[in-house]
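Colleague: Attaching a single structure in structure tokens format; questions to follow.
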Amino acid sequence: MNYDKIDRKARKVMEANDRGLYTVPTKGLYPYQWNWDSAFAAWGFASYDPKRAWAELETLFQGQWDTGMVPHIVFHKQAFGYFPGPDVWRIPRVPHTSGISQPPIAATMARAVYEADKRYGRIHMELLYGRLVSWHRWWMQNRVENGMVAITHPWESGRDNAPDWDAALTNVDISEVGDYHRSDTDHIDPSMRPTKLDYDRYVALVQLSQKAGWDEAKIAEVSPFRVADVGMTFLFLRACRDLLHIAAEFDHGTDEIEGWIQTLKQGVKAHWNEARGFYDSVNLRTGAFTNTLSSASFLNWFAGIRDDRQLKHLHRILDQVAFGIPSLDPEDPKFDRFKYWRGPVWGMMNSLIGIGLAETGHTVLAERIRKDTQRLIAEHGFYEYFSPVDGASAGGGAFTWTAAIWLTWASPHAKGRF
């Protein structure tokens, strides 16, 4: 296998999706700047162009609201035909943005970018730090319940159609949604995407938040959808730990961040589904576990939670599939190897799980997942996601975060860690 050639292809994917100061996840399907996609892009750029990496993060934070929230999409330039575009969100600000957030991994990736070149990155980190703190504070003030991180829309999780949200979505009123045209199914086989009913509910939740004036307290009061996302809690805990490291290195106060970490560590305990033996999301409207073992459940090691009770599930799943951790347990009746977040394997999730395992001493497991992902991308390309059974490509092609994790973690030439 010519890994030098694949390294060059990965850079070409990054460059093809580069729009100057930000990247799109892939051409056509996702024509704007997405929050956590962009953070992965910055990590990828840091492997060969720290200047461009910092530009990626700084451009993302141009969309930050006065409340501290960093939206999940920043609409820098109009891309006609995309749904839901800025005309759907109707946020009165420039640049236009969506009204919800996404997994707050920017602090984690900013630390990785800084570590790649501290001399160049010092001033950039100093300038970004306050914005990162503001965003984290927004999460703590508006979305943390019983130490767990709540989402108000499935899109916020980054795992749009994961089964974690199924029960909560059944109570969403779609009677006023109206007609719309989805652009995603113009690019991708509809069988690989969320259903029409899913999208109706997604749009209804946007409309609900609009009527609430995007006021977090009002949304919390009236929305039927409020779920403590196990993936979000783990990723936010990790991001707070990385923010704490940055604060200490730059001689900023650490008491507030340390308090956040302690709160979230307690929240992790509330995510433990004893009956099923895994970390699980929780429907905050009912208090019930979602009974969903997903790839997000295995982010505990990445969050610094050294709890090995899930290892039996991890070994079982790795023995059932060929290319890492599928987005849903293959033994779950809802498993579909091509259905977005209901079965496919995602390279970027493999990378986070693998890094977490390596950092907590599970080096053999970590290397197995890294090698599986290396083989997956080398043999099947830089796609959005893949069948965990045979590696068949799915979703968008020439995908930014798949190229990014190749350059930083999966390639034999990568460091394989932060």
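Colleague: Pairs under 7 Å by beta carbon, first residue under 19 Å from W36 (Cα atoms) in the range 222-234, partner modelled with pLDDT of 95 or more and of a type in the set (D, E), six or more apart or different chains?
Modeller: Between residues of the range 222-234 that are under 19 Å from W36 (Cα atoms) and residues that are modelled with pLDDT of 95 or more and of a type in the set (D, E), the close pairs are A228/E145; D229/D164; V230/D280.
Colleague: Another question about this same structure. Take the conditions at negative phi, free of Cβ contacts under 8 Å to residues at least 40 places away in the same chain and open to solvent by 20 Å² or more (accessible area, probe 1.4 Å) and apply them to P92. Does it pass?
Modeller: It is true that P92 is at negative phi, free of Cβ contacts under 8 Å to residues at least 40 places away in the same chain and open to solvent by 20 Å² or more (accessible area, probe 1.4 Å).
Colleague: Can you tell me which residue within the range 322-354, out of those that are free of Cβ contacts under 8 Å to residues at least 40 places away in the same chain and either closer than 21 Å to S393 by Cβ or in contact with a strand residue (DSSP E or B) (Cβ under 8 Å, 6 or more places away or on another chain) (or both), is least open to solvent (accessible area, probe 1.4 Å)?
Modeller: D329
Colleague: Return yes when A398 is open to solvent by 10 Å² or more (accessible area, probe 1.4 Å) and either among the β-branched types (V, I, T) or in a helix (DSSP H, G or I) (or both) and no when it is not.
Modeller: Taking the combined requirement at face value, the residue does not satisfy it.
Colleague: Mind checking which residues of the range 355-393 are more than 16 Å from T408 (Cα to Cα), in contact with a strand residue (DSSP E or B) (Cβ under 7 Å, 6 or more places away or on another chain) and either of a type in the set (A, V, I, L, M) or outside any loop (DSSP other than H, G, I, E, B) (or both)?
Modeller: Within the range 355-393, H380, Y385, F386, A392, S393 meet the criteria.
Colleague: Can you confirm whether the range 366-374 contains a residue that is of a type in the set (S, T, N, Q) and touching a Gly at 6+ places or on another chain (Cβ under 9 Å)?
Modeller: Taking every residue of the range 366-374 in turn, at least one turns out to be of a type in the set (S, T, N, Q) and touching a Gly at 6+ places or on another chain (Cβ under 9 Å).
Colleague: Restricting attention to the range 294-313, does a residue exist that is farther than 23 Å from R241 by Cα, in a loop (DSSP other than H, G, I, E, B) and in contact with a strand residue (DSSP E or B) (Cβ under 9 Å, 6 or more places away or on another chain)?
Modeller: no
Conditions tested, residue by residue: (1) under 17 Å from the mean Cα position of the chain (by Cα); (2) surrounded by fewer than 21 Cβ atoms within 10 Å (Cβ to Cβ); (3) of a type in the set (D, E, K, R).
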| site | (1), (2), (3) |
| --- | --- |
| E221 | no, yes, yes |
| T254 | no, yes, no |
| G259 | no, yes, no |
| V282 | no, no, no |
| F298 | yes, no, no |
| Q320 | no, yes, no |
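Colleague: Restricting to the range 261-273, what's the tally of residues that are under 11 Å from L237 (Cα atoms) and either of a type outside the set (S, T, Y) or loosely packed, with under 14 Cβ neighbours inside 10 Å (or both)?
Modeller: Final tally of qualifying residues: 7.
Colleague: Moving to a separate point now. Within the range 98-121, identify whether any single residue is modelled with pLDDT of 95 or more and in contact with a strand residue (DSSP E or B) (Cβ under 6 Å, 6 or more places away or on another chain), and answer yes or no.
Modeller: Scanning the range 98-121 turns up at least one residue that is modelled with pLDDT of 95 or more and in contact with a strand residue (DSSP E or B) (Cβ under 6 Å, 6 or more places away or on another chain).
Colleague: Here's something else I'd like to know. Taking the options I123, I105, I73, name whichever one is in contact with a Ser or Thr (Cβ under 6 Å, 6 or more places away or on another chain) and either among the β-branched types (V, I, T) or crowded, with 22+ Cβ neighbours inside 10 Å (or both).
Modeller: Among I123, I105, I73, only I73 is in contact with a Ser or Thr (Cβ under 6 Å, 6 or more places away or on another chain) and either among the β-branched types (V, I, T) or crowded, with 22+ Cβ neighbours inside 10 Å (or both).
Colleague: Would you mind listing the helices (runs of 4 or more DSSP H) fully within the range 62-152 where at least 1 residues are hydroxyl-bearing (S, T, Y) and over 24 Å from Y32 (Cα atoms)?
Modeller: Qualifying helices (runs of 4 or more DSSP H): 106-116, 118-142.
Colleague: Can you tell me which residues in the range 23-53 are over 17 Å from I405 (Cα atoms), open to solvent by 10 Å² or more (accessible area, probe 1.4 Å) and among the aromatic types (F, W, Y)?
Modeller: Result: Y30, single match.
Colleague: Condition (residue is touching a residue at least 12 places away in the same chain (Cβ under 8 Å), open to solvent by 50 Å² or more (accessible area, probe 1.4 Å) and among the hydroxyl-bearing types (S, T, Y)) applied to the range 383-393: is it met by at least one residue?
Modeller: There is at least one residue in the range 383-393 that is touching a residue at least 12 places away in the same chain (Cβ under 8 Å), open to solvent by 50 Å² or more (accessible area, probe 1.4 Å) and among the hydroxyl-bearing types (S, T, Y).
Colleague: Hey, among the residues in the range 3-19 that are in contact with a helix residue (DSSP H, G or I) (Cβ under 8 Å, 6 or more places away or on another chain) and of a type outside the set (K, R), which one's most open to solvent (accessible area, probe 1.4 Å)?
Modeller: Restricting to residues being in contact with a helix residue (DSSP H, G or I) (Cβ under 8 Å, 6 or more places away or on another chain) and of a type outside the set (K, R), the top hit is Y3.
Colleague: Kindly indicate which of R306, R276 is open to solvent by 10 Å² or more (accessible area, probe 1.4 Å), of a type outside the set (V, I, T) and free of Cβ contacts under 8 Å to residues at least 24 places away in the same chain.
Modeller: Result of the check over R306, R276: R276.
Colleague: Taking T185 and the conditions (1) β-branched (V, I, T); (2) closer than 26 Å to S327 by Cβ; (3) part of a loop (DSSP other than H, G, I, E, B), which numbered condition does it fall short on, given that it satisfies the others?
Modeller: Here T185 clears every test but (3).
The values are calculated or read from the model by the stated rules, or taken from the named source; none is laboratory data. Keep in mind that what you see is a predicted model, and the values were worked out from it rather than measured. Quick reminder, even Gly has a Cβ in these numbers, built from the backbone with ideal geometry, and neighbours come from all protein chains shown. Please note that ligands, DNA and RNA were not included when accessible areas were found on the heavy atoms of the full protein model with its side chains. Shrake-Rupley method; radii C 1.70, N 1.55, O 1.52, S 1.80 Å.
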